[in-house]
Amino acid sequence: MERRRAPAANRRYRQRRFWDALYRQEGAEPREWLGGLSRFLPELEAELRPGDRILVLGCGNSALSHDLHELGYTDVTSIDFSPACIAAMRARYARCPGLRWAVMDIRALAFPDATFDVVLEKGTLDVLMVDETDPWDVSPQAAAAMHRVLAEVSRVLRPGGCFISITFAQPHFRKPHYAQEAFGWSLRHAACGDGDAGAFHYFLYVMRKGQPLDPPDLALGRRLHQPPPPPAPPPPLAPPDDDEDYLLAIQL
């Protein structure tokens, strides 16, 4: 069966020229996808230590890196593939020498192995899924792109370090991508929100390098690479009941 195509407007989120144009217009004025640091600070602080070397993937013009710096996490490197974004952020936060900025593709991180204690992303990996129309059946291309990024994250994490991913993606859709034995990390998640029953929840995933996956998560990860089962054939039509023949005569 041919895959449905995502709306053409979705594809712009994977294009550098779209983001360059946006950041040239907005500059470094903070824009927060999934909300600011205060929304998930309790969950995040449980994983961080003041001396951690932190890498923020796809920083955009979020104030996340600066807010972490202000809380005492002063060794923060932030990357984005938009030169316009990085230039604006470097200028806005020039007074914070512990904040470093670099133009970089998350699929090919230009750092040595085991450089960071923490890698953090907030909504960045969701961009890899913008062309998808069925979260239950992700295309091989999207799965491969996600795997490539996660392999790079695992490579630059030191043993004992953690990768923290904040996203709207629900566990049954996102955990199979994260639960890959090749990455050498454990996996857990927590639902986060503002306590408003009408608000959307989002999820914080924590992967700890050097710890094993739980068996259920390991099974989830293995299923990601299995072909989907063929659709079930339609059930045979049952012959009409003699007592209900009148229904066939009704002209609707």
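The values are calculated or read from the model by the stated rules, or taken from the named source; none is laboratory data. Every value quoted in this text rests on a predicted model; they were computed, and no experiment measured them. Cβ sites come from the backbone with ideal geometry, for glycine too, and all protein chains shown count toward neighbours. All accessible areas refer to the heavy atoms of the entire protein, side chains included, with ligands and DNA or RNA removed. Shrake-Rupley method; radii C 1.70, N 1.55, O 1.52, S 1.80 Å.
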(message) Out of the residues in the stretch 167-193 meeting the condition of being loosely packed, with under 13 Cβ neighbours inside 10 Å and of a type outside the set (Gly, Ala, Ser), tell me which one is modelled with the highest pLDDT.
(response) GLU181
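Please find, within the stretch 146-158, the residue that is nearest to PHE173 (Cα to Cα) out of those that are open to solvent by 20 Å² or more (accessible area, probe 1.4 Å) and part of a helix (DSSP H, G or I). Don't jump to the end; show me each part of the working.
Residues of the stretch 146-158 open to solvent by 20 Å² or more (accessible area, probe 1.4 Å): 147-148, 151-152, 155, 158.
Within this subset, residues satisfying the condition of being part of a helix (DSSP H, G or I) are 147-148, 151-152, 155.
Working: HIS147: 14, ARG148: 18, ALA151: 19, GLU152: 21, ARG155: 24 Å.
If we take residues in the stretch 146-158 being open to solvent by 20 Å² or more (accessible area, probe 1.4 Å) and part of a helix (DSSP H, G or I), then HIS147 is nearest to PHE173 (Cα to Cα).
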(message) Please pick out the residue among PRO215, PRO234, PRO239, PRO230 that is exposed (fewer than 10 other Cβ atoms within 10 Å of the Cβ), at pLDDT 90 or above and farther than 22 Å from VAL127 by Cβ.
(response) PRO215
(request) Output yes when any residue across the stretch 84-99 is touching an Asp or Glu at 6+ places or on another chain (Cβ under 9 Å), in contact (Cβ under 8 Å) with a residue 60 or more places away in the chain and small (Gly, Ala, Ser), and no when none is. (result) yes
(message) With the requirement that a residue be of a type in the set (D, E, K, R), over 20 Å from VAL149 (Cα atoms) and exposed (fewer than 14 other Cβ atoms within 10 Å of the Cβ), what does the stretch 66-117 give you?
(response) GLU70, ARG95
(message) Can you find a residue that is among the small types (Gly, Ala, Ser) and out of contact with any Gly (no Cβ under 9 Å at 6 or more places or on another chain) anywhere in the stretch 201-218?
(response) no
(request) State which residue pairs qualify: first residue closer than 13 Å to ARG95 by Cβ and of a type in the set (S, T, N, Q) and inside the stretch 65-78, second residue open to solvent by 30 Å² or more (accessible area, probe 1.4 Å) and assigned to a loop (DSSP other than H, G, I, E, B) in any location, beta carbons under 9 Å apart, and separation of 6 or more residues or different chains. (result) THR74/PRO50; THR74/GLY51; THR74/PRO97
